[in-house]
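The values are calculated or read from the model by the stated rules, or taken from the named source; none is laboratory data. Just so you know, these numbers come straight off a predicted model, no measurement behind them. For neighbour counting, all protein chains shown are included, and Cβ atoms are generated from backbone atoms with ideal geometry for every residue, glycine included. The protein model used for the area step is the full one, side chains on, heavy atoms only, and it has no ligands, DNA or RNA in it. Shrake-Rupley method; radii C 1.70, N 1.55, O 1.52, S 1.80 Å.
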Amino acid sequence: MLEPGRAKPVPTPETQHFWDGTKTGELRLQRCGECSKVYFPPRPFCPECGSRNVSAFKASGKAILYSYVIHHRPVPGFKPPYAIAVVELAEGPRMMTNIVDCEQTPEALQLDMPLEVVFEPMDDTITLPLFRPAKG
Amino acid sequence: MGARSVAIVGASETTKLGVVPDMSQIQLHADAALNAMKDAGLKPKDIDGVATAVETPQQIAHYLGITPSWVDGTSVGGCSFMIHLRHAAAAIEAGLAKTILITHGESGRSRVGQPGRSVPPSSLNGQFEQPFGPFGPPTMFPIPVLRYMKKYGVTHEQIAMVSVVQREWAAKNPRATFKDPITVDDVLNSRMIAYPFRLLECCLVTDGGGALIVTHRDRAKDFPQKPVYVLGTGESVETPMISQMADFTSSRAFSVAGPTAFKEAGITHKDVDHLMIYDAFAHLPLYGLEDLGFVGRGEAGRFIAERNTAPGGKLPVNTNGGGLSYMHSGMYGMYALQESVRQMRGTAPAQIPGAKISVCHGVGGMFAASGTIIFSNQAA
């Protein structure tokens, strides 16, 4: 269970499937049935071509570290210094996250390092997708 | 030269800038507006168009006693005022208004009468960024920087030079908040805020405001001040989520707004005598120089480190000291516009001798939006 204090997401009808997924250990992306675009964040149509013919699928959970900052000031739910990271998923989309099981230093956090998703519950309703260095 | 038919005939900042706890946010709008009207020799009844951001046009019009026949409440962050100016030009050309007032006021430091900024937890930002610990612009705006640095081999020292050079400009400006010289070592030894950025690579947080009065260029010579003509304008938006920028090494909004303005103005880069690039953080002038095409991809760090944008350099940039050293209330775009107007009037503290064309480029949110204005003091 994550330390309390983080801003907690409130799902909408369009994003509920994503948060249902993280609770059951799935990172869900969406793919367009017309143009095959894989996209994030969730919405019930394709941001590339506008088609409503889209479906959710379970992503691999593999990613690389794309960019980040290491914040040095206190924020509720975090112990500074902590990295606010953007990862690029193997399927293409990027998402904001935190990197766990890793020193929060520029030396340990190398751009393009391989990562894998882990799921950390905030409470009974919301589980966040975080990432850790890939174990092989 | 120039596709637009309007000119700035009134321009002013608030009487005081910096720490102004004796004025609420709406009064900062009004103080700047009254100064700009005085500058143009106008009264509130002479204004028939109002544009503003964060505060609404109805708040500002009512507070100032204006009955507008045209309003614009575009509120996309710190470049809203560039976009207001673009919309005002179109409105005046279409005959929707004759004399438009654009106002900004922000009690960014003292926070007197300032509406709070909060992210709704059901918004996409609230669901997919806020849970991971961003806390204000210093934790978000620099997120793309490490990717940019890696792609082009840009160094921490080169980015620190942005702050050093702008402090040199600020030293020439009596109204600048910080005027003492700084070195690259000073920047790189200042307090770490959000790696890779340290305190001196982040903008100030101050109070202030500014206002502009726009009219048709055919009327401009009837006003007391030297007219500043609008040659070209551009605008765009990309995404409210920094994590979803299409390219971490370039702003799509910059790449639309900037070239649109150059095309409208019918000028090339070598025509530009003076450049303002909204600098909330030290990387913005790098992205701006590249996305507007003043230098090639990955070349801006070296261009700045070699002092091309510094006093005496071939392309003077952010000559008021910028958001890093002059002032930054939160939506800095209005102050960049004011400096361009001063340079075109020939009244800037660090005046560029003989400057005829000034480009003023703004950002809104965290690379979320952009507006570009190209000014000239030549009637074309």
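Could you order B:370, B:5 so the one with the most accessible surface comes first? Probe is 1.4 Å. List each step's numbers first, then the result.
On the way: B:370 0, B:5 35 Å².
Largest accessible area first, the list is B:5, B:370.
Any chance you could give the angle, 0 to 90 degrees and rounded to 10, that helix B:252-265 forms with the longest Cα principal axis of chain B?
The answer is roughly 40 degrees.
With only Lys, Arg, Asp and Glu charged, each at its Cβ (+1 for the first two, -1 for the last two), find how big the charge dipole of the protein assembly as shown is about the Cα centre; round to the nearest 20 debye.
Numbers: 48 positive and 48 negative charges, 136 e Å.
It works out to roughly 660 debye.
Any idea how far apart residue B:269 and residue B:347 come out in nm if each label point goes 7 Å out from Cα toward Cβ?
Rounded to a tenth, the inter-label distance reads 3.3 nm.
Roughly how far apart, in whole Å, are the Cα centres of the stretch A:22-85 and the stretch B:160-210?
Cα centroid to Cα centroid, the span is 35 Å.
At the nearest 100 Å², what buried accessible area, both sides summed, do you get for A and B when the probe is 1.4 Å?
Details: alone 7760 and 14410 Å², together 19140 Å².
Counting both chains, the buried surface is close to 3000 Å².
Counting each DSSP H run of 4 or more residues in chain A as -39500 (n - 2.57), what helix-only mean residue ellipticity at 222 nm follows after dividing by all residues, to the nearest 500 deg cm²/dmol? Mind dumping the intermediate values first?
Values: 1 runs with 8 residues, N = 136.
Roughly -1500 deg cm²/dmol at 222 nm, from the helical runs in chain A.
What trypsin sites (Lys or Arg not before Pro) in the stretch B:198-227 are in a loop by DSSP, with at most 16 other Cβ atoms within 10 Å of the Cβ?
Values: sites: B:198, B:217, B:219, B:221; in loops: B:217, B:219.
In loop regions of the stretch B:198-227 (DSSP not H, G, I, E or B), the sparsely surrounded trypsin sites (Lys or Arg not before Pro) are B:219.
Between residue B:117 and residue B:246, what FRET efficiency comes out of the Förster formula 1/(1 + (r/R0)^6) with R0 = 30 Å and r the beta carbon distance, rounded to 0.05?
Numbers: r = 25 Å, r/R0 = 0.84.
Here the calculated transfer efficiency is 0.75.
Mind checking B:134-146 for the average number of partner chain beta-carbons within 10 Å of each residue's beta-carbon?
On the way: counts 6, 8, 3, 0, 4, 8, 4, 1, 5, 8, 5, 3, 12.
Across B:134-146, the average partner-chain Cβ count within 10 Å equals 5.
Treating only the Cβ atoms of Lys and Arg (+1) and Asp and Glu (-1) as charged, compute the dipole magnitude of the stretch B:208-335 about its Cα centre; round to the nearest 20 debye. Please list the in-between numbers first.
On the way: 11 positive and 13 negative charges, 64 e Å.
Using only the charged Cβ atoms, the result is roughly 300 debye.
With angles folded into 0 to 90 degrees, how steeply does helix B:333-345 sit against the dominant principal axis of chain B? Use alpha carbons for both and round to 10.
Tilt relative to chain B: about 70 degrees.
Note the full-extension length gain between residue A:20 and residue A:108 as 0.36 nm times their separation in residues minus their Cα-Cα distance, in nm to one decimal. Mind showing how you got there, number by number?
Values: separation 88, 0.36 × 88 = 31.68 nm, distance 3.20 nm.
Fully extending the segment from residue A:20 to residue A:108 adds 28.5 nm.
Find the Rg to Rh ratio for the protein assembly as shown, where Rh is the Kirkwood radius over alpha-carbon pairs and Rg uses the same atoms.
Working: Rg = 23.3 Å, Rh = 23.7 Å.
Ratio value, two decimals: 0.99.
Over 26 Å between C-alpha atoms is what I'm after, so list which of B:16/B:221; A:37/A:58; A:8/A:58; B:16/B:38; B:172/B:314 land there.
B:16/B:221
Hey, if you put +1 on the Cβ of every Lys and Arg and -1 on every Asp and Glu Cβ in the stretch A:16-133, which of A:51, A:32, A:74 ends up farthest toward the positive end of that dipole?
It is A:51.
Counting Lys and Arg as +1 and Asp and Glu as -1, each charge on the Cβ, what is the dipole of chain B about the Cα centre in debye, to the nearest 20? Numbers along the way, then the final one.
Working: 33 positive and 32 negative charges, 88 e Å.
Dipole about the Cα centre, nearest 20: 420 debye.
Pop the C-beta distance of residue A:90 and residue B:314 into the FRET formula with R0 = 45 Å and round what comes out to the nearest 0.05. Walk me through the numbers on the way to the answer.
Details: r = 45 Å, r/R0 = 1.01.
That gives a FRET efficiency of 0.50.
What distance in nm separates the two pseudo spin-label positions at residue B:192 and residue A:12, each 7 Å out from Cα along the beta-carbon direction?
In this crude label model, residue B:192 to residue A:12 measures out at 3.7 nm.
Summarise the partner chain shielding of B:119-131 as one whole number: the mean count of Cβ atoms from other chains within 10 Å of each residue's Cβ.
Numbers: counts 1, 1, 5, 5, 3, 7, 3, 5, 12, 10, 8, 5, 14.
Partner-chain Cβ atoms within 10 Å, mean over residues of B:119-131: 6.
So how exposed is residue B:277, as accessible area in Å² (1.4 Å probe, rounded to 10)?
Only protein atoms counted, so the area is about 0 Å².
Just the accessible area for residue B:302, please: 1.4 Å probe, Å², rounded to the nearest 10?
140 Å²
Take every residue in peptide A:121-128, count the Cβ atoms of other chains within 10 Å of its Cβ, and give the average of those counts.
Numbers: counts 0, 1, 0, 0, 0, 2, 0, 2.
Whole-number average of other-chain Cβ neighbours for A:121-128 is 1.
Would you calculate a helix-derived [θ] at 222 nm for chain B, using -39,500 (n - 2.57) for each DSSP H run of n ≥ 4 and dividing by the full residue count, to the nearest 500?
Working: 13 runs with 121 residues, N = 380.
Rounded to the nearest 500, the figure is -9000 deg cm²/dmol.
Using r as the Cβ-Cβ distance of residue A:123 and residue B:221, and R0 as 51 Å, what FRET efficiency do you calculate, to the nearest 0.05? Write out the running numbers ahead of the final one.
Numbers: r = 67 Å, r/R0 = 1.31.
Step by step, r from the Cβ atoms, then E = 0.15.
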